[in-house]
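Encoded as structure tokens, the structure appears first; notes follow it.
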Amino acid sequence: MNLKKLISIMAILITIILFNTGCSSPEILGGNHELDDSNDKNLMVHFLDVGQADSILIQLPNGSTALIDGGNRADSQLVVDYIKRLKIQKIDYLIATHPHEDHIGGLPDVIKSFDILNVYMPKKSATTKIFEELVTEIKHKGIKATEGKGGIDILNEDGIKFSIIAPNSSDYIETNDYSIVTKLQYKDTSFIFTGDAEKPSEDEMIKKGYNLSANVLKVGHHGGRTSTSEVFLDEVNPKYAVISVEKGNDYGHPHKETIERLEKKGINILRTDEMGTIVLVSDGTNTSIKGIDSTKISKEEDTKENMIKYIGNKNTKVYHSTDCNSLPNKENQVIFESTEDAEEEGYKPHSTCINK
Ligand SMILES: [Zn+2]
Ligand SMILES: [Zn+2]
């Protein structure tokens, strides 16, 4: 088998693993898998691959569900199907971060398809058709949307704290800064979801004195350079930074300045354009990537996962561990099952991630 073929097979395999992860979650949460009982107390966060857009599905350990944004209108079916596959029928907390189409586009169909208990929106309207549709669907369901603003607790029980930390003003120049930013804390682990909030909103969150420290940061505005400022990153200090972005998008997202700021701090960057849908799981103590480096995966996935041990860079002939911060772009990756395999092919170990 030639190398190119092998890489494409591995890419498909990764996709299958991620996809299956999503599908099998209810079982895992139900605890009737080959997993230990503690799994029914897991928090699952799905960053859906909706291209140049955002959609994040959260399965809380108390059994409730939250959805932050719904992708573009063209993603409607994908988002609805994804939620249905997890056998979810109701969404307890629906958050429309701000009225841009890449965030609310899929929501009218989501509202039509599921029971919706609470809706949070910022006090910012738009004159677009999609925004009008969203408002209409919310009305149809007889729901009264709550204005999302800094200081509101969406949920605070059973070791789960889900709170809104932005917007903190009522007037912004950019619609993006109206984004509802949430912090989700489950015992010792925490996530921050920023929507498209940019530096003015980030500065306000710092000034307000919120505890911004989190294990996972959903990077603001698809990795645009006017979000994820250095001071904000200092406050959040995450282990993982998730970027929801489409390959070859018109905006040049993620901007290289943002990537550099993240890399400089040694943060693991997870991108939907490279990984597809990303599922993170927290047991309240640790946060890990499901299907890639999680220790809590089923045996079948484990076998596939074990095949991906090291990633080589075709150009530099250097190989890395899968969680290295300086992995090559997908098109330049070669997968190795062992360091021996890598070295047989003439690859050298990356000094910072391979301990020899
Ligand atoms: Zn936006
Ligand atoms: Zn956006």
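Answer yes if at least one residue in region 126-138 is within 23 Å of residue 177 (Cβ to Cβ), among the charged types (D, E, K, R) and in contact with a strand residue (DSSP E or B) (Cβ under 6 Å, 6 or more places away or on another chain), and no otherwise. Among the residues of region 126-138, not one is within 23 Å of residue 177 (Cβ to Cβ), among the charged types (D, E, K, R) and in contact with a strand residue (DSSP E or B) (Cβ under 6 Å, 6 or more places away or on another chain), which makes the answer no.
State whether one or more residues within region 129-145 are away from ligand 2 (no atom under 16 Å from the Cβ), of a type in the set (S, T, N, Q) and either in the same structural domain as residue 192 (by TED's automatic domain parsing) or surrounded by fewer than 13 Cβ atoms within 10 Å (Cβ to Cβ) (or both). The answer is yes; a qualifying residue exists.
Candidates are the residues of region 99-114 that are within 20 Å of the chain's Cα centre (by Cα) and not in a helix (DSSP H, G or I); the one that is surrounded by the most Cβ atoms within 10 Å (Cβ to Cβ) is 106.
Let's see how each residue does on (1) part of a strand (DSSP E or B); (2) in contact with an Asp or Glu (Cβ under 8 Å, 6 or more places away or on another chain):
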residue: 78; (1), (2): no, no
residue: 81; (1), (2): no, no
residue: 87; (1), (2): no, no
residue: 93; (1), (2): yes, no
residue: 97; (1), (2): no, yes
residue: 116; (1), (2): yes, no
residue: 119; (1), (2): yes, no
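Give me the residue from region 62-71 that is buried (at least 24 other Cβ atoms within 10 Å of the Cβ) and not β-branched (Val, Ile, Thr) and, out of that set, nearest to ligand 2 (Cβ to nearest atom). Looking at the filtered set, the residue picked out is 69. Looking only at residues of region 304-356 that are at pLDDT 85 or above and aromatic (Phe, Trp, Tyr), we find that the one that is farthest from residue 273 (Cα to Cα) is 347. Counting only residues that are within 16 Å of ligand 1 (Cβ to nearest atom) and touching a Lys or Arg at 6+ places or on another chain (Cβ under 9 Å), region 143-177 holds 6 of them.
The rows are residues; the columns are (1) in contact with a Leu (Cβ under 9 Å, 6 or more places away or on another chain); (2) surrounded by fewer than 18 Cβ atoms within 10 Å (Cβ to Cβ).
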site	(1), (2)
183	yes, no
192	yes, no
216	yes, no
246	no, no
273	no, no
280	yes, no
284	yes, yes
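Going residue by residue through region 206-215, is there one that turns out to be within 16 Å of residue 272 (Cβ to Cβ) and in contact with a Lys or Arg (Cβ under 7 Å, 6 or more places away or on another chain)? Checked region 206-215: no residue is within 16 Å of residue 272 (Cβ to Cβ) and in contact with a Lys or Arg (Cβ under 7 Å, 6 or more places away or on another chain). Residue 54 satisfies every condition listed in (1) in contact (Cβ under 8 Å) with a residue 60 or more places away in the chain; (2) of a type in the set (Asp, Glu); (3) farther than 25 Å from residue 175 by Cα except (3). Can you spot a residue in region 178-187 that is under 28 Å from residue 131 (Cβ atoms), in a helix (DSSP H, G or I), in contact (Cβ under 8 Å) with a residue 40 or more places away in the chain and within 16 Å of ligand 1 (Cβ to nearest atom)? There is at least one residue in region 178-187 that is under 28 Å from residue 131 (Cβ atoms), in a helix (DSSP H, G or I), in contact (Cβ under 8 Å) with a residue 40 or more places away in the chain and within 16 Å of ligand 1 (Cβ to nearest atom). The condition of being more than 16 Å from ligand 2 (Cβ to nearest atom), in contact with a helix residue (DSSP H, G or I) (Cβ under 6 Å, 6 or more places away or on another chain) and aliphatic (A, V, I, L, M) holds for only one of 289, 243, 269, 259, that being 269.
Among the candidates 59, 52, the residue that is polar (S, T, N, Q) and away from ligand 2 (no atom under 16 Å from the Cβ) is uniquely 59.
The values are calculated or read from the model by the stated rules, or taken from the named source; none is laboratory data. Here the structure is a predicted model, which means the values were calculated and not measured. With ideal geometry, Cβ positions are generated from the backbone for all residues, glycine too; neighbour counts draw on all protein chains shown.
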